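The values are calculated or read from the model by the stated rules, or taken from the named source; none is laboratory data. Just so you know, these numbers come straight off a predicted model, no measurement behind them. Here the Cβ positions follow ideal geometry from the backbone for every residue, glycine too, while neighbour counts run over all protein chains shown.
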Amino acid sequence: MREAPREGVPEAGPAGGHRLAARALTLGYDEANPVVDGLDLDVPDGEVTVIVGPNACGKSTTLRALGRLMRPRGGAVLLDGRELATLPTRRIAQVIGLLPQSPSAPESVTVADLVARGRQPHQRWWQQWSEADERAVREAMELTDVADLAARPVDALSGGQRQRVWIAMALAQETDLLLLDEPTTYLDIAHQIDVLDLIRRLERTVVTVLHDLNQAARYADHLVAMREGRIVARGRPEDVVTAETVREVFGLAARVVPDPVTGSPLVVPEAPVPGRGTPRSTGKATPAWLPPPP
Ligand SMILES: Nc1ncnc2c1ncn2[C@@H]1O[C@H](COP(=O)(O)OP(=O)(O)OP(=O)(O)O)[C@@H](O)[C@H]1O
Ligand SMILES: [Mg+2]
């Protein structure tokens, strides 16, 4: 069912979702050096956009600006064509959910309480907690496999458990747009895949930062490669993840081969230079765990 437009938030676009875009976005923490410089981005509706790029290239800064945690120094972030800076914060929180890279929980808050905070943008003074809130929190905790942890204090969890609780909080917000900064950090490989599968299953508009290029190539509909505050390549993973782009963006020599399972691009770094600093390298073309060529 299509939702009625809410005050201060433009009506959803033709696909039922809200449209997010950046125009000539310039961001920085001090006057001298912009961290992001003149960035243009159209976030495709209902798709998963993955941002990749080296450390400190401006990924988190960009994501924060898309979620209005940071004001642009130049240009604008547009939600359905209207400048984010002009919209009420609470309305934005009903449409855009943001999981920061290093969120911090209030001391001794329990898992259930933290996830429930995701519902704040939906609550009214006359109706503090509704059935819909209860359901959203329960579903979010089940989807992220944290229901069993509900009564535990967040600060007594493992890194991976905590990360899943934060994802649950973002999901409980039930926003059309979800911005996730490295949601797979701290997760073991099975939980990483769970989270990435979940992101695809949600069928919402997602923008996520990932460091694993192979996961990015597998899970992105739309891949954005950044370097030094600018976008250097964007498009379908098969067009973006090439040996040339990996070299240009990360300065890494790599081969790109088809992933044997999905056919998506798989980045395999070139053999390390043998010697010090590469303790597991045998210095031979054939790795030690494979039989020698005939
Ligand atoms: N709060 C801050 N104050 C000042 N400078 C900052 C702040 N946050 C980030 N920066 C700087 O802005 C630049 C971009 O940082 P950002 O966090 O956006 O990088 P990133 O691409 O997300 O990197 P990573 O992969 O390490 O998370 C870096 O040079 C960083 O030092
Ligand atoms: Mg970051």
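Applying the set (1) within 16 Å of ligand 1 (Cβ to nearest atom); (2) of a type outside the set (Lys, Arg); (3) touching a residue at least 12 places away in the same chain (Cβ under 8 Å) to Pro121 leaves exactly one unmet item: (1). Do we have Ala172 as over 13 Å from the mean Cα position of the chain (by Cα), within 16 Å of ligand 1 (Cβ to nearest atom) and among the small types (Gly, Ala, Ser) here? Criteria not met by Ala172.
Against the test of being small (Gly, Ala, Ser) and either within 16 Å of ligand 1 (Cβ to nearest atom) or within 18 Å of the chain's Cα centre (by Cα) (or both), the options Gly81, Gly97 yield a single qualifying residue, Gly97.
Can you confirm whether Pro103 is assigned to a helix (DSSP H, G or I) and under 26 Å from Thr62 (Cβ atoms)? Against the criterion (assigned to a helix (DSSP H, G or I) and under 26 Å from Thr62 (Cβ atoms)), Pro103 does not qualify.
Could you go through the range 89-98 and let me know if any residue there is surrounded by fewer than 16 Cβ atoms within 10 Å (Cβ to Cβ) and over 30 Å from Glu248 (Cα atoms). Looking through the range 89-98, at least one residue is surrounded by fewer than 16 Cβ atoms within 10 Å (Cβ to Cβ) and over 30 Å from Glu248 (Cα atoms). Taken over the range 71-83, residues that are touching a strand residue (DSSP E or B) at 6+ places or on another chain (Cβ under 6 Å), surrounded by fewer than 21 Cβ atoms within 10 Å (Cβ to Cβ) and on the phi < 0 side of the Ramachandran plot amount to 5.
Within the range 206-218, being over 11 Å from the mean Cα position of the chain (by Cα) and surrounded by 24 or more Cβ atoms within 10 Å (Cβ to Cβ) holds for Leu213, Ala217.
Filtering the range 80-91 for residues that are of a type outside the set (S, T, N, Q) and closer than 16 Å to Tyr29 by Cα leaves an empty set. Restricting the range 180-205 to residues that are under 13 Å from the mean Cα position of the chain (by Cα) and within 16 Å of ligand 2 (Cβ to nearest atom), the residue that is surrounded by the fewest Cβ atoms within 10 Å (Cβ to Cβ) is Thr185. Only residues that are touching a residue at least 24 places away in the same chain (Cβ under 8 Å) and either touching a strand residue (DSSP E or B) at 6+ places or on another chain (Cβ under 6 Å) or farther than 15 Å from Leu198 by Cα (or both) were counted in the range 137-157, giving 9. The set of residues in the range 36-70 that are within 12 Å of ligand 1 (Cβ to nearest atom), crowded, with 20+ Cβ neighbours inside 10 Å and assigned to a strand (DSSP E or B) comprises Val36, Leu39, Ile51, Val52.
Every condition in (1) touching a helix residue (DSSP H, G or I) at 6+ places or on another chain (Cβ under 6 Å); (2) buried (at least 19 other Cβ atoms within 10 Å of the Cβ) holds for Asp133 except the one numbered (1). Report, by residue number, each residue of the range 26-65 that is within 16 Å of ligand 2 (Cβ to nearest atom) and in contact with a Gly (Cβ under 6 Å, 6 or more places away or on another chain). Val35, Val36, Gly58, Lys59, listed by residue number. Residue pairs whose Cβ atoms lie under 9 Å apart, separated by 6 or more positions or on different chains, with the first residue in the range 19-31 and in a strand (DSSP E or B) and the second of a type in the set (S, T, N, Q) and buried (at least 16 other Cβ atoms within 10 Å of the Cβ), are Leu20/Thr205; Ala22/Thr62; Leu25/Thr62; Leu27/Thr61; Leu27/Thr62; Gly28/Thr61. The set of residues in the range 152-179 being among the hydroxyl-bearing types (Ser, Thr, Tyr) and surrounded by 22 or more Cβ atoms within 10 Å (Cβ to Cβ) consists of Thr175 alone. Here Ser281 meets each of (1) exposed (fewer than 10 other Cβ atoms within 10 Å of the Cβ); (2) at pLDDT below 65 with one exception, condition (1).
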